[in-house]
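A quick write-up on the structure given underneath.
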Amino acid sequence: MVSTGSTTRGGSTTRATFVGMPAFPAAARTALADSQLRANLAHATGTIRAKRLHVVSEVDDWEELRLAGAAIKDNTLRHLDEHLLTLETALTARGATVHWARDAQEACRIVARVAKDNAVDEVVKVKSMVTQEIGLNEALATEGVAAWETDLAELIVQLGDDLPSHILVPAIHRNRAEIKAIFERSMAAAGRPAPDDLTDDPARLAEAARLHLREKFLRARMAVSGANFAVAETGTLVVVESEGNGRMCLTLPEILVSVVGIEKVVPTYDDLDVFLQLLPRSSTGERMNPYTSTWTGVTPGDGPQQVHVVLLDNGRTRALADELGRQALRCIRCSACLNVCPVYERTGGHAYGSVYPGPIGAILNPLLKGAGHDPQTDSLPYASTLCGACFEACPVRIDIPSILVDQRAKVVDAHRGRPSVTGVAMKGAAATLRTGRRLGLAEKLTPLGLRAARLLGVAHRWTSARDLPPPAAESFRAWWQRTDGGRDDDQA
Amino acid sequence: MTTKPDARSEILARVRGALAGTDVAPVQVPRGYRSRPERLDRSGLLTRFVERVEDYRAQVTRCAEADVIRTVASILPTGARVVLPPGLLWDVPGVADDGFTATDLDGYAAVVTAATVGIAETGTIVLTHGPGEGRRALSLVPDLHVCVVRADQVVADVPDAVRLLDAESYRGRPQTWISGPSATSDIELDRVEGVHGPRTLHVVLVS
Ligand code: SF4
């Protein structure tokens with residue numbers, strides 16, 4: 001039997017998933033009762049907020065950069081079909097194989113086929129939201145292919161049989177003592193064990209990860225990545241990272257498969273000058289992240305000689321069809337909106353029940369999946385106080401509050417089967433917010449729009465969850481364990 | 001055989017359907033950031049570059065062209081196995097890359113390379129992996145990276161660097177943008193230097 005990156009529970013090979021999570025208010029209530037989680041989150045988001053503010057305030061023309069980022073993405077989305085074809089042509093000319101995947105299943109099948117065709121039974125992975133979105137690790141495990149996460153936070157999540165709770169720092173809910181315990185408990189089963197004299201000093205923990213993963217990097221024949229950007233004109237993919245695990249995966253193996261959402265396209269190489277300023281400052285609060293790698297198909301004698309790119313839809317065209325919501329496809333996954341969100345800071349990412357938590361998750365999930373299909377997704381547009389902090393922080397100016405209100409209307413409509421009075425009123429409130437932005441009066445009009453929204457009762461569900469003093473019957477983790485990650489539980 | 005449209009046609013059709021009736025007039029992209037007023041003179045720019053590289057807890061040594069070999073040699077730990085890219089302009093001690101495997105490279109303690117661009121504002125060096133810079137694995141696996149940057153390669157900011165790197169001669173080449181040693185903030189968002197990439201970055205600025 002091939003060893004796998006997933007852990008075994010109850011005899012069958014499984015991995016924690018978000019499937020069957022309770023809807024946001026219930027999950028939030030349990031998360032709120034977990035004081036360790038809240039302390040970890042408050043510390044982490046507070047730290048990163050301060051760093052971000054500092055480096056953003058250094059840039060005099062930050063607002064212009066935000067406008068440029070938004071405009072480039074909007075222009076690209078409006079001609080997305082043409083840019084995708086240009087990208088395909090450029091990649092093919094450079095020796096890459098381009099695949100197209102309508103949905104998660106198709107994408108996973110493609111990656112698994114590449115592994116099988118090359119007789120590979122393990123892959124190393126660069127942190128990538130999209131491969132989590134499609135459940136790639138689980139899909140590969142069922143094919144007997146082990147997927148090793150190599151980002152430190154992803155490793156912590158994987159070894160802890162846990163779920164990611166933040167876009168940038170998936171293990172943000174874990175403190176150093178918990179991480180030490182996870183390493184000591186689980187590293188041995190996955191490869192090189194944790195050093196005997198491990199402490200909870202972050203430098204020692206990072207070193208343990210370095211030692212544990214190095215043997216995997218040196219022997220891996222195949223890597224799987226996402227991409228932060230894909231340049232249509234040149235066929236260049238870009239991965240932005242910190243630890244060097246990305247460089248290891250993108251450079252050392254013979255085979256590289258990159259799963260890329262179709263919204264990651266930017267038209268030209270020089271457009272990167274905007275995003276390489278916006279992303280690191282918004283994301284880790286650094287002037288520049290330690291490593292950015294770019295590659296263009298196959299480079300003879302340097303790096304993987306078999307390069308695949310999987311262009312993934314999986315709901316993106318559904319989001320694109322939403323006139324107001326399509327701006328969510330500008331998202332560069334920096335996670336600034338999570339770090340400034342008062343709701344996220346108190347509930348953490350798990351309560352959102354998706355790999356995309358926080359304000360962006362509250363709009364992206366319903367946009368990708370559509371309203372009225374599952375209660376978890378339908379509850380997300382309510383996971384907000386509409387305070388507007390996310391819009392202010394967003395480097396590509398996604399008007400999250402307006403989309404939230406609009407999505408609430410869509411949820412209401414979906415459940416009534418026809419446009420409802422509330423639904424229409426909420427569309428009105430969304431339009432108010434939107435017009436406010438257009439007029440440049442956002443600051444003045446947002447509170448008005450919010451008051452309107454509250455009067456209409458649209459904030460009611462979240463408000464009631466927040467104001468209730470609900471000593472939950474059991475903690476989030478206890479619920480998690482009892483229900484096997486929600487699999488054995490209803491939407492309770 | 002299947003009559004279902006292939007994924008490519010279906011996704012493109014979905015995109016076109018989603019955009020039907022959309023106003024596709026281009027939005028103006030403000031590009032003022034590409035012509036920021038120059039605030040620093042040449043020597044100020046180099047000082048800024050050094051400060052910003054050091055900010056990441058990388059080391060910087062400045063030296064004259066004639067002293068590069070001596071400076072690099074003094075940085076390399078005595079007895080360390082050093083690997084060198086083909087085409088390196090300076091005759092520093094070390095073994096030339098001979099297409100070593102990753103495991104071979106893991107046996108080297110240090111690598112010395114040149115760079116293509118330095119960015120003052122962000123303290124970044126950019127490698128385009130041509131002669132003197134080596135293939136990507138070379139500057140990745142050894143634990144110490146000594147990178148020699150010429151003063152005339154240092155530009156003010158990211159837009160200036162991108163403009164330079166957009167030149168035809170770099171088209172299709174891989175690039176690595178390096179800002180300090182490898183680092184992680186994954187544990188309580190405390191920055192720790194030294195994970196998978198070189199744990200020590202030493203920049204030699206030549207003027
Ligand atoms: S919505 Fe904006 S702030 Fe949030 S992750 Fe995306 S780009 Fe960043």
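The values are calculated or read from the model by the stated rules, or taken from the named source; none is laboratory data. Keep in mind that this is a model prediction, so the values were computed, not measured. With ideal geometry, Cβ positions are generated from the backbone for all residues, glycine too; neighbour counts draw on all protein chains shown. To get the accessible areas, we keep the full protein, side chains included, count just its heavy atoms, and leave off ligands, DNA and RNA. Shrake-Rupley method; radii C 1.70, N 1.55, O 1.52, S 1.80 Å.
Among the residues here, B:Arg171 qualifies as open to solvent by 10 Å² or more (accessible area, probe 1.4 Å) and closer than 25 Å to A:Gln305 by Cα. Of the residues making up the range B:193-207, just one is assigned to a loop (DSSP other than H, G, I, E, B) and among the hydroxyl-bearing types (Ser, Thr, Tyr), namely B:Ser207. Counted as qualifying within the range A:254-344 are the strands (runs of 3 or more DSSP E) with 2 or more residues that are under 19 Å from the mean Cα position of the chain (by Cα) and touching a residue at least 12 places away in the same chain (Cβ under 8 Å), namely A:255-261, A:306-312.
Report, by residue number, each residue of the range A:316-325 that is away from the ligand (no atom under 13 Å from the Cβ) and either surrounded by 24 or more Cβ atoms within 10 Å (Cβ to Cβ) or facing chain B (nearest Cβ under 10 Å) (or both). Matches in the range A:316-325: A:Arg316, A:Thr317, A:Arg318, A:Leu320, A:Ala321, A:Asp322, A:Glu323.
Report the residue count in the range B:174-192 for those that are open to solvent by 30 Å² or more (accessible area, probe 1.4 Å) and either assigned to a strand (DSSP E or B) or modelled with pLDDT of 95 or more (or both).
Count: 2.
If the condition is being under 24 Å from A:Val260 (Cβ atoms) and open to solvent by 10 Å² or more (accessible area, probe 1.4 Å), then the range A:335-353 contributes only A:Cys337. The listed residues are A:Glu243, A:Glu233, and the only one of them that is assigned to a loop (DSSP other than H, G, I, E, B) and either within 18 Å of the chain's Cα centre (by Cα) or under 22 Å from A:Gly285 (Cβ atoms) (or both) turns out to be A:Glu243.
Which residues, taken from the range A:254-278, are open to solvent by less than 10 Å² (accessible area, probe 1.4 Å) and more than 9 Å from every other protein chain (Cβ to nearest Cβ)? Residues satisfying the conditions are A:Ile255, A:Leu256, A:Val257, A:Ser258, A:Val259, A:Val260, A:Gly261, A:Glu263, A:Val265, A:Val266, A:Phe275, A:Leu278. Criterion applied to B:Val195, B:Val141, B:Val162, B:Val158 was being within 24 Å of B:Phe100 (Cβ to Cβ), in contact with an Asp or Glu (Cβ under 8 Å, 6 or more places away or on another chain) and either facing another protein chain (nearest Cβ under 7 Å) or open to solvent by 10 Å² or more (accessible area, probe 1.4 Å) (or both), and the one residue passing it is B:Val195.
Just one of (1) hydroxyl-bearing (Ser, Thr, Tyr); (2) closer than 21 Å to A:Val240 by Cβ; (3) away from the ligand (no atom under 12 Å from the Cβ) fails for A:Tyr356. It is (3). Go through the residues of the range A:19-39 one by one and say whether even a single one is closer than 30 Å to A:Gly348 by Cα, under 19 Å from the mean Cα position of the chain (by Cα) and modelled with pLDDT of 95 or more. No, because not a single residue in the range A:19-39 is closer than 30 Å to A:Gly348 by Cα, under 19 Å from the mean Cα position of the chain (by Cα) and modelled with pLDDT of 95 or more.
Of the candidates B:Val53, B:Val83, the single residue that is away from chain A (no Cβ under 14 Å) and at pLDDT 95 or above is B:Val83.
Counting only helices (runs of 4 or more DSSP H) that fall entirely inside the range B:19-138 and contain at least 1 residues that are under 30 Å from A:Asp271 (Cα atoms), the qualifying elements are B:42-55.
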